[in-house]
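The values are calculated or read from the model by the stated rules, or taken from the named source; none is laboratory data. Everything numeric here is computed off the predicted structure, so don't read it as measured data. Cβ coordinates were reconstructed from backbone atoms using ideal geometry, including for glycine residues, and neighbour counts include every protein chain displayed.
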Ligand code: AMP
Ligand code: MG
């Protein structure tokens, strides 16, 4: 077991030395906490997969701090990718482009493309700048579980398995970056995030959303984003999404009651609920919901919830990203009350 160093705003420079010498450090970003390693150090990068228990064909996102870091990593940057980078970097948008040989297969999960993002969090940017090397960094959680949005979440999952955790406070968005690919010229959203389809279309026009964002992949189907084929964001308890109007949701959960059942609800539902509840935010405050989602899913396991019925978030804006993560947590189990 490693002695994991716990660092913060004042002493995170120590993480730079750790990363320089091939270690693993969890760092804060504006989306979720990332588990970082030097992308050119193949051994360090494989350590990420071991620490997380991540399947080796699930590629990592490369984090950069200046536009000049991109050119060595990709064979070309398309006009559309450049326009999006100009508009949204630093920020929660990841672009997938054809990779050069400088990006090893451990980082790309064997694909001939690489996913790149420039994070906005000051600590992440400062660490990458001072190191002068891009960092491979997936979410800093045990594979399959909810992503970490606080340093405590990282501690709970990875203490003793990595060299350091930098506490930079709770993450601003709480859901992972939007991932968009440009591999066959057409832009396609592989994972929704805080940069929405509407925001993207304002810059580059018509943009497709990959079907795997809202549909379960059939067996044998290949995933455009390998992460989509794995169980993901799931607490130990069973998660079921309940889609319908507020009154329908309340009536539904109140009827179920009993046992180890919880309503995973919005603040406004609380006065009407007759069963135990966990709220993930105000019904119209989608940013608050996205900041809270993974924390509340983790909380479900600390209280040994058996099954949670989730009030479906609004599917607009960042709510669409929330809906996508919830679909995955629920293994696509949705009860539709509108029908
Ligand atoms: P995480 O950082 O843990 O959220 O995981 C990174 C996500 O980015 C996964 O869902 C990957 O499937 C996706 N990703 C990374 N690299 C690529 C790539 N080259 N092509 C498509 N998706 C990618
Ligand atoms: Mg992840």
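Observations, loosely collected:
- Residue tally, condition outside any helix (DSSP H, G or I), under 17 Å from the mean Cα position of the chain (by Cα) and closer than 28 Å to residue 307 by Cα, over segment 204-228: 1
- For segment 269-291, a residue qualifies if it is out of contact with any helix residue (DSSP H, G or I) (no Cβ under 7 Å at 6 or more places or on another chain) and farther than 16 Å from residue 308 by Cβ, and the qualifying residues are 271, 284, 285, 288, 291.
- Every condition in (1) more than 23 Å from residue 288 (Cα to Cα); (2) more than 16 Å from ligand 2 (Cβ to nearest atom); (3) touching a residue at least 40 places away in the same chain (Cβ under 8 Å) holds for residue 100 except the one numbered (3).
- Hey, residue 16 within 29 Å of residue 288 (Cβ to Cβ) and either at pLDDT 95 or above or within 12 Å of ligand 1 (Cβ to nearest atom) (or both) or not: no
- Residue check for residue 194: in a loop (DSSP other than H, G, I, E, B), under 30 Å from residue 109 (Cα atoms) and at pLDDT 95 or above: yes
- Inter-residue pairs, beta-carbon under 7 Å, first part of a helix (DSSP H, G or I) and in segment 2-14, second surrounded by 13 or more Cβ atoms within 10 Å (Cβ to Cβ) and at pLDDT 95 or above, 6+ apart: 14/5; 14/7; 14/164
- Only one of 138, 148, 119 that is within 22 Å of residue 280 (Cα to Cα), touching a strand residue (DSSP E or B) at 6+ places or on another chain (Cβ under 8 Å) and within 12 Å of ligand 1 (Cβ to nearest atom): 148
- Extreme residue, farthest from ligand 2 (Cβ to nearest atom), among residues of segment 173-191 that are in contact with a strand residue (DSSP E or B) (Cβ under 8 Å, 6 or more places away or on another chain) and part of a loop (DSSP other than H, G, I, E, B): 186
- All positions within segment 151-181 that are within 16 Å of ligand 1 (Cβ to nearest atom), buried (at least 22 other Cβ atoms within 10 Å of the Cβ) and farther than 19 Å from residue 92 by Cα: 153, 154, 157, 158, 162
- Some residue of segment 229-237 being in contact with a helix residue (DSSP H, G or I) (Cβ under 7 Å, 6 or more places away or on another chain), part of a strand (DSSP E or B) and away from ligand 2 (no atom under 16 Å from the Cβ): no
- Unique residue being in contact with a helix residue (DSSP H, G or I) (Cβ under 8 Å, 6 or more places away or on another chain) and on the phi < 0 side of the Ramachandran plot when the list is 162, 116: 162
- Total residues in segment 192-224, condition within 15 Å of ligand 2 (Cβ to nearest atom) and out of contact with any helix residue (DSSP H, G or I) (no Cβ under 7 Å at 6 or more places or on another chain): 0
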